[in-house]
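Reading through the structure tokens given below for one structure.
The values are calculated or read from the model by the stated rules, or taken from the named source; none is laboratory data. Worth saying up front: this structure is predicted, and the values here are computed from it rather than measured. Backbone-built Cβ (ideal geometry, glycine too); neighbour counts: all protein chains shown.
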Amino acid sequence: MLGIGLLALAAHLHAAPITAVESVAISVGDLDAEVAFYTEVLSFRLESRTEIAGDGYEHLYGVFGARVHIARLALGDEHLELMEFVAPRGRPIPADSRSNDGWFQHVAIIVSDMDRAYAWLREHDVAHASTGPQRLPDWNPNAGGIEAFYFRDPEGHNLEVLHFPDDKGADKWHRKGDALFLGIDHTAIAVANTEKSLAFYRDSLGMHIAGTSENYGPEQERLNNVFGVRLRITALRADAGPGIELLEYLAPRTGRPMPIDSQANDLWYWQVNLHSVGTDAVDKAVRAGHYTYVSPGVVDVPQKELGFEHALTLRDPDGHALRID
């Protein structure tokens, strides 16, 4: 029923409720150190630094007394926001986190040369999450030839570098040039049930499926560092911005769910920032689906430090956070 109502809304507005994936945000504990890593090692550009506080932001993030220092970074056409909660401080990432845990999320950074990228990352002593770069096998038509490597930033946030063969990926990832790190293709999230996630992202928010794949075998095991993995992957896109990739572990189903008491100041917190056709329309539609809110609804932030005046924050069926303006 919700999907039908939202499709009618979208037709009325001549657009899907969500128009763009604007950026991806990560909570960090030491903003200066994290900015240094992303700019010096991964070639992001620092665009701005902003400090926010006040009632509107407390309600938007669901954290009482929040004071947040935000650095906005760019790589190619895409943006990443690093958020340090100066107050109150949150909890660290669990040391035993695995790629099939429900709080898993990363951004996939496209590189022009995997061998050169891996050598550069090794030179800077990044923590491995994969055993090393993996080339996905040719028997898998939707993923064959893709090279990928999982690693972690200094605070333990998962990241991926990805290289597309000539027959895969957006045209912009194949432009000639000297840059090694090119931009963000997508953010990937662990989900428990793809159909429930599609009811949220596709039917409620209006994103479309851009591709699917079922991955398994030794290369995928070493990439995810999960033995016996069989992974259902569904790539979603809005009209603009990076994609959202759903990762459902068909096996093993041993991943732990997102902690129910997760807050935006916890360092395992990620947030996808979305542009919409209108927050009131999205709010009405999402409430009809009985999804979980972080904010009490649409929140007014008239200071507009982050570029919007009205926004809401909610969680998908697995607890991953999204801010919609």
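Quick check on this structure: which one of Leu274, Leu247 is in the same structural domain as Thr313 (by TED's automatic domain parsing) and either assigned to a strand (DSSP E or B) or not small (Gly, Ala, Ser) (or both)?
Numbers: Leu247 fails: in the same structural domain as Thr313 (by TED's automatic domain parsing).
After ruling out the rest, the residue left standing is Leu274.
The condition (being surrounded by fewer than 18 Cβ atoms within 10 Å (Cβ to Cβ), touching a Gly at 6+ places or on another chain (Cβ under 9 Å) and not in a loop (DSSP other than H, G, I, E, B)) is satisfied by just one residue among Arg287, Arg256: Arg287.
Here Ala108 meets each of (1) closer than 29 Å to His174 by Cα; (2) at pLDDT 95 or above; (3) part of a loop (DSSP other than H, G, I, E, B) with one exception, condition (3). If you go through the range 297-309 and keep only what is free of Cβ contacts under 8 Å to residues at least 60 places away in the same chain and either within 25 Å of Ala199 (Cα to Cα) or buried (at least 21 other Cβ atoms within 10 Å of the Cβ) (or both), you end up with Gly297, Val298. Scanning the range 34-56 for residues that are assigned to a helix (DSSP H, G or I) and within 21 Å of the chain's Cα centre (by Cα) turns up Glu34, Val35, Ala36, Phe37, Tyr38, Thr39. When Asp101, Asp96 are screened for being within 25 Å of Ser204 (Cα to Cα), in a loop (DSSP other than H, G, I, E, B) and charged (D, E, K, R), only Asp101 passes.
Please verify whether the range 257-271 includes one or more residues that are without any contact (Cβ under 8 Å) to a residue 60 or more places away in the chain and within 30 Å of Gly65 (Cβ to Cβ). Give the steps one after another, and end with the answer.
Keep residues of the range 257-271 that are without any contact (Cβ under 8 Å) to a residue 60 or more places away in the chain, which gives 260-261.
Okay, now just the ones that are also within 30 Å of Gly65 (Cβ to Cβ), so 260-261.
Yes, the conditions are met somewhere in the range 257-271.
Anything in the range 168-211 that is closer than 22 Å to Ile18 by Cα, outside any loop (DSSP other than H, G, I, E, B), among the hydrophobic types (A, V, I, L, M, F, W, C) and in contact (Cβ under 8 Å) with a residue 60 or more places away in the chain? List them, or say none.
Here is the first cut: in the range 168-211, the residues closer than 22 Å to Ile18 by Cα are 170, 183-191, 193-211.
Those still in the list that are outside any loop (DSSP other than H, G, I, E, B) too: 183-191, 194-204, 208-211.
Retained after the next criterion (residues that are among the hydrophobic types (A, V, I, L, M, F, W, C)): 184, 188-191, 198-200, 209-210.
Matches in the range 168-211: Ile184, Ala188, Ile189, Ala190, Val191, Ala199, Phe200.
Taking each residue of the range 25-39 that is in contact (Cβ under 8 Å) with a residue 60 or more places away in the chain and looking for partners that are acidic (Asp, Glu) and part of a strand (DSSP E or B) with beta-carbon atoms closer than 9 Å, six or more apart or interchain, yields Ala25/Glu81; Ile26/Glu81; Ser27/Glu84; Val28/Glu84; Gly29/Glu84; Asp30/Glu84; Glu34/Glu84.
Restricting to the range 290-324, name every residue that is part of a loop (DSSP other than H, G, I, E, B), of a type outside the set (Gly, Ala, Ser) and within 20 Å of Val107 (Cβ to Cβ). Matches in the range 290-324: Leu306, Asp316, Asp318, His320.
Among the residues of the range 175-195, those that are of a type outside the set (A, V, I, L, M) and surrounded by 14 or more Cβ atoms within 10 Å (Cβ to Cβ) comprise Phe181, Gly183, Asp185, His186, Thr187, Thr194. Of all residues in the range 123-171, those satisfying the criterion of being among the aromatic types (Phe, Trp, Tyr) and in contact with a helix residue (DSSP H, G or I) (Cβ under 8 Å, 6 or more places away or on another chain) are Phe149, Tyr150, Phe151, Phe164.
Taking the range 137-167 as the region of interest, how many residues are assigned to a loop (DSSP other than H, G, I, E, B), crowded, with 16+ Cβ neighbours inside 10 Å and acidic (Asp, Glu)? Final tally of qualifying residues: 2.
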